[in-house]
Amino acid sequence: MSITPAPSLSSSSSSSSSTTHEHTTTTSKENTKEKKQDSQSQAHIQPPKTALHALARRYPWLVGWNHEDWWPCWIGLFLFALVSTAVRFNIPAAHFQPWTSNPFDAFKSIGNLDLLILLPLQGLLVYLALWAVDAKDWNQFYKGFLVIESLSLLSKWLASQKNIKSASLGDSIWAILFGAMLRNAMAGAPLPDGRSKPLPAWLKVAQQTELYIAISLVLLCIDFNVLKPLAPRALFVSWIDTPSLFVLVALIGTTWLRIDLQTSMIMSGATFICGSSAAIALSSSLGAGNKSDLPIAIISVFTIPSIIALPYIAKAVGISAKVAGAWFGGCVDSTGAVIAAATIYGDSGNVAVETAAVVKMVQNVLIGPISVGVAAVWTQREERRKRALHNSLQDDALRTKSDFKPVPYQTLLWNRFPKFVLGFILTAILFNTVVPTEDRPTVNTFSFMVGEWFSTMSFVSIGLGLQFHELRREARMLLKLTTLYALAQLVDIMSTFGLAYVAFEMF
């Protein structure tokens, strides 16, 4: 299975080449160099046009807001403010009603009228981000967005069917499946070299996997009041084993399974922390590009057995609702899957759901410190590697031509740090300080719903990167990652059960 990389927001579009006589080429290069020097000289001489230009020239970091790393924060915070305002005016959140045979029963909720505003607004905000950073083919985004949003809508509608919902086949599975089906249908026969035809520009520009999932993470609210009663025990369950097992399993992936370190860390982090959100955060910290796509796809598929099996095991063994909830919250990958598992457990007082939600919220907080730690360690590692390579050049002339230029460590760390984690933290602060206490449960539900739409769009984008006819090329990596996930999940299930039992049964 091959993963087609999703485009970056700031992709450039320069791809022209020609062959000319050597003299003409040399002359052209000299002229270009002279023009560039003249333009640089003129730019240096020309005074700033406005006070804003002068401020930006003196303090360039002030214009850093218009960068692909920051747009998830701006979009997420804007939508959070919009959600908080909607709740104040008693506007209900959209959700599909469970339906059996009549598909239109899914749309009976009055809150679904929100979708008439939410879905176009999603497209408008992402379009604005692409335009602002001058992404490649940004003016064709609306075509691809209509396709991805339609598949997201279809996925959520299908996942609300009662029988499908009872089987825990969530919208993430359908989104990946529909995206993959579309990708392979459009690819047609493989090219002579065995590769797939690339996605058309109008669809590729809408395949913004990282942007969508980052926005959904910014919209994830953490209620400190809910955390307080269970926080010490939830911390014990979530934070004791997660960092150490994350490192241990990542090392096993590189040494035993021979997976590259970046992919192994992403797979391990996604398993032990919170699924796709952790995968994207770690991918950003590591500068790993699209290496998170395959781990996210694997987790989305193989989480289903845990959702179904763990509640029945807990019931059969006679585990209490609190221990079961903490167990689900600590070892099931994503927040939605955790709630689904606790709901299947089905205790009368809803204790399992509340405990599972708190433990998962506490575990989600780990995204921030682990992302910072990974970014710091990886930045130092890359800096040492480049310096060693530079120093290994024996010839002074080669060393002079080397592209290694020492960069301050703080600058490297800041560039690698996933900025949407700051948006996640700011949302939590605003949620607990600005939003009235009586509105917080509703705002939390509403904000989670909006974030889930972006999350589903990211799963469609992941599906658009899956190419079935190239399965042979990726079969070995797929098998290795699946083995690593199975090992990590087994260890996580056993260790989390032990910690949950100690925290919620013995104390």
Would you check if there is a residue in region 294-305 being out of contact with any Asp or Glu (no Cβ under 6 Å at 6 or more places or on another chain) and free of Cβ contacts under 8 Å to residues at least 12 places away in the same chain? yes
Any residue in region 100-113 that is at pLDDT 90 or above and crowded, with 16+ Cβ neighbours inside 10 Å? no
I'm told residue 135 meets every condition in (1) open to solvent by 20 Å² or more (accessible area, probe 1.4 Å); (2) part of a loop (DSSP other than H, G, I, E, B); (3) over 22 Å from residue 436 (Cα atoms) except one. Can you identify the failing condition by its number? (1)
Does residue 250 satisfy the condition of being farther than 18 Å from residue 330 by Cα and touching a residue at least 12 places away in the same chain (Cβ under 8 Å)? yes
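Residue-wise test of (1) within 30 Å of residue 85 (Cα to Cα); (2) over 24 Å from the mean Cα position of the chain (by Cα).
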position	(1), (2)
451	yes, no
460	yes, no
467	no, no
477	no, no
489	no, no
498	no, yes
501	no, yes
Tabulated pairs, region 308-327, first in contact (Cβ under 8 Å) with a residue 12 or more places away in the chain and basic (Lys, Arg), second in a helix (DSSP H, G or I) and open to solvent by less than 60 Å² (accessible area, probe 1.4 Å), C-beta under 6 angstrom, 6+ apart or interchain: 322/351; 322/355; 322/504
Qualifying residue in region 441-457 (condition: among the aromatic types (Phe, Trp, Tyr), part of a helix (DSSP H, G or I) and surrounded by fewer than 15 Cβ atoms within 10 Å (Cβ to Cβ)): no
Quick check on this structure: which one of 270, 281, 297, 288 is of a type in the set (Gly, Ala, Ser), modelled with pLDDT of 85 or more and either over 22 Å from residue 380 (Cα atoms) or under 18 Å from the mean Cα position of the chain (by Cα) (or both)? 270
Residues satisfying the stated conditions in region 120-158, i.e. under 19 Å from residue 216 (Cα atoms) and aromatic (Phe, Trp, Tyr): 127, 145
Residues of region 472-507 being free of Cβ contacts under 8 Å to residues at least 12 places away in the same chain and either part of a helix (DSSP H, G or I) or under 13 Å from residue 298 (Cα atoms) (or both), in sequence order, are 472, 476, 479, 490, 494, 498
One residue from 143, 156 being of a type in the set (Lys, Arg), at pLDDT 90 or above and closer than 30 Å to residue 345 by Cβ: 156
Six or more apart or on different chains, Cβ atoms under 8 Å: show the pairs whose first residue is in region 169-192 and closer than 19 Å to residue 307 by Cα and whose second is open to solvent by 50 Å² or more (accessible area, probe 1.4 Å) and modelled with pLDDT of 85 or more. 171/452; 174/154
Filtering region 154-168 down to residues that are surrounded by fewer than 18 Cβ atoms within 10 Å (Cβ to Cβ) and hydrophobic (A, V, I, L, M, F, W, C), which residue is nearest to residue 293 (Cα to Cα)? 154
Residues being open to solvent by less than 10 Å² (accessible area, probe 1.4 Å) and under 21 Å from the mean Cα position of the chain (by Cα): count how many of those fall in region 326-336. 5
Result of the Cβ filter at 8 Å on region 135-154, keeping first residues that are more than 18 Å from residue 114 (Cα to Cα) and acidic (Asp, Glu) and partners that are part of a helix (DSSP H, G or I) and open to solvent by 70 Å² or more (accessible area, probe 1.4 Å), at least 6 apart or interchain, is 137/202
So, in region 52-95, of the ones that are open to solvent by 30 Å² or more (accessible area, probe 1.4 Å) and touching a Lys or Arg at 6+ places or on another chain (Cβ under 7 Å), which residue ends up modelled with the lowest pLDDT? 69
Pair list, Cβ under 9 Å, 6 or more apart: region 83-104 residue small (Gly, Ala, Ser), other residue open to solvent by 60 Å² or more (accessible area, probe 1.4 Å) and assigned to a helix (DSSP H, G or I): 93/442; 93/445; 93/448; 94/113
Could you count how many residues in region 333-365 are assigned to a helix (DSSP H, G or I) and of a type in the set (D, E, K, R)? 2
Being closer than 18 Å to residue 301 by Cα and not in a helix (DSSP H, G or I) narrows 152, 168 down to just 168
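The values are calculated or read from the model by the stated rules, or taken from the named source; none is laboratory data. Since we're looking at a predicted model, the values are computed, not measured. Cβ atoms come from the backbone with ideal geometry, glycine included; neighbour counts cover every protein chain shown. Keep in mind that these areas ignore ligands, DNA and RNA; they rest on the heavy atoms of the full protein, side chains included. Shrake-Rupley method; radii C 1.70, N 1.55, O 1.52, S 1.80 Å.
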